[in-house]
Each structure stands twice: as C-alpha cells, then as structure tokens.
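What follows is a set of notes on a single structure, which appears directly below.
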Amino acid sequence: MPFDLQPLNSPNINPDSIDSLIAQHESDTRPRLHQLWNYYRNPMHPCDGPSRRHARLAQEVGLPQRLTGPRTLHHDDRASTNREIVIENDIAWRVQTMVDFMFGRPITILSTARTPELRRTIERILDRVIEASGGIALLSDIGLLGHVYGHVDLIVRADLTPNALPDAPRTDEMLLATAEHIRLEPIEPTRGIPVLDPADYRRLAAYIIRAESSGIESARPDLTPGVSTRLAHWLTRKTTRTGSHSETRTLTEIISPSARALYINADREPARLLDSGPALVSSTDSERGPVPVIHIQNISQPFRFPGLSEVEPLIPLQDELNTRLSDRASRVTMQSFKMYLAKGLEGFDKIPVGPGQVWATDNPAASVESFGGDGASPSEDAHIEQIREAMDKASGVPPLASGVVRAKVGNLTSENALRITLMGLLSKTARKRVTYGRGLAQACELILLALHRAGALTTDHADRQVRIEWPDPLPRDETEALNAAQIKLALGIPRERVLSELGYAPTDPGIV
C-alpha cells in the first residue's frame, strides 16, 4: 500500500519504511499485544464446535491438552472432554489494584511559570483540557493501557486556528473556551506504530495510527481531501457498519513533526490521501516541532522503546494456577460422592439408594462395598498456595491490597504497619509515577505550545513546565493530616495548595 508522503514534508520517513513498520506491527507486535489483553480481560467466546460447553474463556489457551482436548482442524474450539475446567483470573484484580493505587484519586497539576497570575491561568486551562478529555476516567484509561501493554501513547489534538482570537484583552473565560478545542487522547498500542529517530530510539520521527472500519465512505460522504481537520478523531474510536455489502477499509494517519496526513485504503488498493494539515498548530515562527505524541512507559526498559507490562510475567503462573485448579475440580468431582460396588445383587442398578432402603437376595456371597468421598490432598493445596504467593511476589500486589485480610498479616492497627505490609506495591507505584508523571508533564507542555502557536496564550519554554502532585494512595489518619497541614501553613506554603491536599477547594462552603 504505497503512501504519498509529500504532505508530511519530513526527510526521515519514506514509503518503504512505513510499509515495513506496518507489516511488522500486524504480523508480530499486534498478536502479542492482543494476547496480553486477553489474559487481563479473559473474555468469553461462544463455542461453535462439537464441544458440550456453551462458551470458553480466553485463558483456556494456556491449559494442557489433557484438560481441553486436542484442537480440531475445522473449528476454533477444542474437542469435548470430561474434565472440569476452572479459570480463576488472578491477573485482572492485581492489575486493577495497581491502577487504583496510581490513579484512584485525582492528581494536582501545578504550574511553575514565573508570575502568580500566569500560574493560575495555566492551571485552570490544563484542568479544563483534562476534564474535557475525560478527567479521572482518562487517567484510569491511561493507567490501564500502560499496565496491560507495557506502554501507552497520548496524542494532543488541537482544533485551533492561529490568531483566531480578537486583539481585544483576552479574559480567562475566553482562554478556557479556547482550551475546550484541545483534546488529550490515549492511543491503544495495538493501533499505534512509532517511527523512531535513527539517531535516538527515545525520539519519534513520526507516528502511525491505524483503525479498521466498514463502509466509512458511505457513512461520511464528505470525506474529501482538505474538508475537515477533525477527521483524525475517527482514528481514536472504532466504527462498524453491518451489512453483506459493506467493505472493510483501513484508516491510516501519519504524523510528522510539522504535518499530519490521513489516508484511506481498501483491500488490494493503494492508499488514498483523505485529509492533511499541521501536526499541532501551524506557526509562522517555527513550522517544525515535536511530534504531538507522548510516549509513556509503564516501567522503563533500558534501551527499548516499549515498557514492561504487568501482565506478561504473570502469564506462566496464571496458566499453572488454572491447570491445578482444574485438576482439583476433577478430583473433587470424582471423590465428592459415595459410589457403590454391588456383587451378587440382581437388578441393583435399578434399585434406588436411600435411607430405609432394603435389599434382599438369596446369594450368600452377595456384598455391597462403598468407595469414594472427598479425601485430603495436602500437597495439592500447598502447591496452589505457593503459586498464589509467587504471583504476589511477581506482581508486588498482595491480597491485602484488594481488601482481603488474612490472619497472618499481623497487627495492622497503625498506618506504618500497613505501609510496611504493602511496601512492595508502594515502591512499584512510586517508581511508575516517575514515568507517568513525566508523560503527563510533556502532554501539558504540548497543550500550552498549541495555545501559544494559536496566539491564545503567549508563553515560553520555562512557563510551560509543570509539576505533578500525587495523592497518598493509602488512607491517612485525619488528625495527622490536619497537624501536617498546620505545619505547612506555618512554613509559608500557599493556603490553596494545603486545602487541595486535604481534598478541599477554597470555594467550598464553610471554608474561610
């Protein structure tokens, strides 16, 4: 699918490299990422083969064939077996707990601009952009995608025109209204393809976003080159169109430091340019700039662009846990009920077994023997418990973090004891706050750069720097928090910031 890259005006990308990156992503990267998501989500799929079960779960792919049976040739299902299948998704609650520790409470973005008035304006604008982009739900999505896939990319969309505002004095209301035209959108790694700078793997030379759609031209008849700069928003959501005559098409957006181009192609057709425009906001003083895409690693990986996923190291342990739980379920099924072996009793299979039942026979050698019943299996229970403990160590998330309190945790009457118990999770959360915080700060810098290029808010590089204040993930003692607030006020820390840390706003009723 050759691409016409002339609108991008970038010497670092060429059609051959774009085709090669897309082919590698579709054949290698995307299937691996889909496996990570399936192990987290564990979706249920209907069985369309000869299986007696109505549905199967995604994590069953890791079970041995002695439990699931051999995979058939004509069905994407496994042959029916008499074994019990038990899937306990330990990955999902661990990942969700880590996300809750990261973004369970709102963060505070503080500007480091030179004047107090500019700092307050910038903070209000950034708060308005993030709230318009989803607020805390946006941050939770960023955290979830990063934890599952190992990284997540954010793109800044700015539907702004340079010097669109009048020359009259610009009020805060006008700036906030302009900020509503800026969006911060997460890109799922299954659809985002980075084009790395040959001189530095940490920098983007360009970025590719792909999305599949059915019948999009009939759904949007006005899709012609240069019609709308908002067409790129179609790439951030999946569109489907049912019908036997609908044709699957692929939308591909390529973003360079100076421009973006949107292409559409059908099967066995060359890519056709659909729309083009500036990458962020065009400027007369600097046409080129950074690619408006921010790359966030979940946990940094040395000399690699992708980060480390929280799901990947848990997959072997999850498969082993599901295997042993399925084996135990089969054993319990076989041994939970009494079974009887009758000798010398004719028609015993037709005689009901129950209280007060009398069996009679003339055969002196007749007998009835019982067997079965559940028996203890200490080694099996110990092995399952050791697997769970291995998952605790691999993920850093003990059951206590999700509210499961066991007797062995000791005395948790103090905040310090709770912190010691959750030290592994807290340390990992603090480590990830560095990468996520850096990414959010870069996103805020791009938002302010877009406003600067549009002539809405004039700032320089120093004024666009921000600091992220993270809330404590653990509940704090109210008395200690109030005492700490009084000490901070005595040290001269602004009153608004102290109230924000306590969860109050200066405009709340009762705040004097």
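Think of the range 284-372 as a dipole: +1 on every Lys or Arg Cβ, -1 on every Asp or Glu Cβ, centred on the Cα centre; then among N363, T323, S309, N363 lies furthest on the positive end. Overall, the accessible surface of the range 87-216 at a probe of 1.4 angstrom is composed of carbon and sulfur to the extent of 49 percent. The residues of the range 1-40 expose on average 57 square angstrom of accessible surface per residue, using a 1.4 Å probe on protein heavy atoms.
Surface composition of the range 306-403: carbon and sulfur atoms hold 56% of the protein heavy-atom accessible area at a 1.4 Å probe. In this structure, the amide hydrogen of V195, modeled 1.01 Å from its nitrogen in the peptide plane, lies closer than 5 angstrom to those of A205, A206, Y207, I208, counting only residues at least 5 positions away or on a different chain. So, counting K/R as plus one and D/E as minus one, what does the shell of residues with Cβ under 9 Å around S111 add up to? Around S111, the surrounding residues sum to +2.
The range 15-37 and the range 248-265 have Cα centres spaced 16 Å apart. In sequence order, the range 19-30 has phi-based couplings of 4, 5, 5, 5, 5, 5, 5, 5, 8, 10, 5, 5 Hz under the Karplus curve 6.51 cos²θ - 1.76 cosθ + 1.60, θ = phi - 60°, and Gly or Pro positions carry x.
Under 5 Å from the amide H of G150 lie the amide H atoms of E310, each residue being 5 or more positions distant or on a separate chain, with H modelled from the backbone and absent for Pro and chain starts.
Evaluating 6.51 cos²θ - 1.76 cosθ + 1.60 at θ = phi - 60° for every residue in the range 360-367, the Karplus couplings come out as 10, 7, 9, 8, x, 8, 5, 7 Hz, glycine and proline recorded as x. Charge dipole (Cα centre; +1 on Lys/Arg Cβ, -1 on Asp/Glu Cβ; no other charges) of the range 443-508 amounts to roughly 280 debye.
The values are calculated or read from the model by the stated rules, or taken from the named source; none is laboratory data. Values in this document were obtained by computation on a predicted structure and should not be read as measured data. In this analysis, Cβ positions are derived from the backbone assuming ideal geometry, glycine residues included, and neighbour counts consider all displayed protein chains. We work out accessible area using only protein heavy atoms, side chains counted, and drop any ligands, DNA or RNA first. Shrake-Rupley method; radii C 1.70, N 1.55, O 1.52, S 1.80 Å.
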